[in-house]
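Read the structure below first, then the notes.
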Amino acid sequence: LKAEIIAVGSELLRPGRRDTNGDWLTERLQRHGLEVTGRALVGDDVARLETAIRRAAAAADLVLLTGGLGPTEDDRTRDAVAAAVGAPLVRDPAMVEHIRGLFESRGLPFRSHQAKQAEKPEAARWIDNALGSAPGMLCTIDDALVVALPGVPAEMQPMFETVVVPWIRTRAPSALVRRSLKLAGRMESTVDRAIRDLYDTPELELTILAGGEGIEIQLLARGATDEEARRTAAAVEREIRDRFPEDLYGVDDETLAEVVGRELRRAGRTLSVAESCTAGLLGGAVTAVPGSSGWFRGGLLVYHDDLKRTLAGVPAETLASHGAVSEPVARALAEGVRERCGADMGLGITGIAGPGGGSAEKPVGTVHVALADGSLTEHWGVRLVGDRALIRRRAVVFALDRVRRRLRAERNGS
Ligand code: ATP
């Protein structure tokens with residue numbers, strides 16, 4: 001079954017306004033096994049809206065509209081549905097009385113324009129709105145079920161559950177299971193090559209996304225039942241885990257910082273950080289995780305060289321002979337912060353985020369990370385790409401991933 005979603009409202013076309021109703025509906029529809037084949041944002045314009053409804057009804061089995069059902073002049077969904085059905089809007093006296101009763105029960109004056117909400121094409125059916133005054137409605141156009149729901153999320157969501165879900169259950173007895181697998185330290189093309197043979201798995205959709213924290217492999221498994229869809233997803237997940245035993249760090253909404261926190265807690269260890277180029281981003285990421293005081297001691301934000309020296313204890317000669325962005329300084333930062341913050345592990349990070357400050361020897365994106373635990377200090381030098389913001393973010397991800405890999409290796413006894 002295919003579904004299309006149309007979010008109505010000129011305000012949604014302004015920058016910064018997000019169609020969160022569309023996101024919510026997409027998630028729900030997919031969960032119930034429907035394929036969302038199109039989403040549109042349409043302003044408060046009857047003709048454009050009518051065109052969008054007709055197009056969606058021709059393309060899909062289910063069309064969901066959200067918003068534009070209120071009583072004001074710019075609420076045009078009703079008119080557009082009527083135009084798409086090809087029938088006039090008719091006022092339903094019973095609905096007028098129902099809405100009048102709602103207003104009176106709340107001690108609010110019922111004004112004549114509110115009666116607009118009681119209009120629908122003759123053949124359409126009302127959908128009760130238990131929480132607001134604007135009822136929804138449903139009708140069929142070109143064999144597609146067209147459902148108009150209010151824009152207020154708290155009103156729309158229960159109406160979707162009580163009307164649309166039962167309709168879906170009778171039409172689409174299939175289930176869908178979604179799973180996200182997250183990988184750090186791999187390129188999109190490498191991952192793509194490594195799992196290409198799985199693309200042909202029946203009843204499975206695989207998508208690779210490159211995000212801020214690495215690569216995400218999204219699995220979408222279909223089945224006649226929940227159990228069957230889950231089995232397909234689990235089998236493919238096991239296969240992918242086998243192919244990336246070290247790089248796969250989490251699933252679904254898990255963040256790298258959460259995973260690192262969990263590993264630290266499991267190992268009963270604490271972490272501290274000394275940051276130069278990321279200047280607080282790393283500490284921020286670690287402490288975004290609830291409960292981080294259990295494994296994070298704190299850290300030093302040592303942007304200037306004199307603070308690397310005085311606060312983190314980096315020897316002046318090391319800074320003078322190697323420069324701030326260098327392996328020896330990263331090592332000294334890691335060891336210094338570990339000791340000064342009284343943590344089990346110290347993470348040091350220094351680099352050139354750009355856009356200025358690069359040289360032939362140390363181009364923009366050069367980042368040195370070191371991890372000290374009292375007996376061993378490891379170092380990694382990398383060249384990260386991107387603009388300043390991206391390089392800083394990637395440096396944080398890279399550093400966190402080193403901690404994760406170290407703890408994982410220790411847990412596996414290597
Ligand atoms: P009501 O009669 O309750 O106003 P309505 O159907 O007329 O319902 P709108 O006026 O279009 O709905 O929107 C009401 C509010 O609902 C908006 O101010 C906005 O906060 C929220 N809203 C509308 N559409 C969306 C959307 N697509 N995503 C998220 N929120 C939305």
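The values are calculated or read from the model by the stated rules, or taken from the named source; none is laboratory data. Bear in mind the structure is a predicted one, so any value in this text is a computation, not a measurement. With ideal geometry, Cβ positions are generated from the backbone for all residues, glycine too; neighbour counts draw on all protein chains shown.
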**Message:** I'm told I168 meets every condition in (1) surrounded by 15 or more Cβ atoms within 10 Å (Cβ to Cβ); (2) touching a strand residue (DSSP E or B) at 6+ places or on another chain (Cβ under 9 Å); (3) free of Cβ contacts under 8 Å to residues at least 60 places away in the same chain except one. Can you identify the failing condition by its number?
**Reply:** (3)
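Please verify whether R48 is at pLDDT 95 or above and either within 15 Å of V147 (Cβ to Cβ) or in contact with a strand residue (DSSP E or B) (Cβ under 9 Å, 6 or more places away or on another chain) (or both), treating the condition exactly as stated. Walk me through how you get there before you give the answer.
Details: at pLDDT 95 or above: yes; either within 15 Å of V147 (Cβ to Cβ) or in contact with a strand residue (DSSP E or B) (Cβ under 9 Å, 6 or more places away or on another chain) (or both): yes.
Considered against the rule, which asks whether it is at pLDDT 95 or above and either within 15 Å of V147 (Cβ to Cβ) or in contact with a strand residue (DSSP E or B) (Cβ under 9 Å, 6 or more places away or on another chain) (or both), R48 comes out as yes.
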**Asked** So which helices (runs of 4 or more DSSP H) are wholly in region 268-380 and hold at least 1 residues that are closer than 15 Å to R392 by Cβ?
**Response** 281-287
**Request:** Inspect all residues belonging to region 187-199 and state whether any of them is over 28 Å from the mean Cα position of the chain (by Cα) and part of a helix (DSSP H, G or I).
**Result:** no
**Prompt:** Got a sec? Which strands (runs of 3 or more DSSP E) wholly within region 1-80 have at least 1 residues that are within 30 Å of E227 (Cα to Cα), among the small types (G, A, S) and more than 10 Å from the ligand (Cβ to nearest atom)?
**Reply:** 2-8, 35-42
**Complete:** The lone condition L108 fails out of (1) assigned to a loop (DSSP other than H, G, I, E, B); (2) under 22 Å from Q157 (Cβ atoms); (3) not charged (D, E, K, R) is (2)
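Per-residue answers, yes or no, for (1) within 33 Å of the chain's Cα centre (by Cα); (2) aliphatic (A, V, I, L, M):
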residue	(1), (2)
V85	no, yes
L89	no, yes
D92	no, no
Q117	no, no
P135	yes, no
D143	no, no
P150	yes, no
P153	yes, no
P166	yes, no
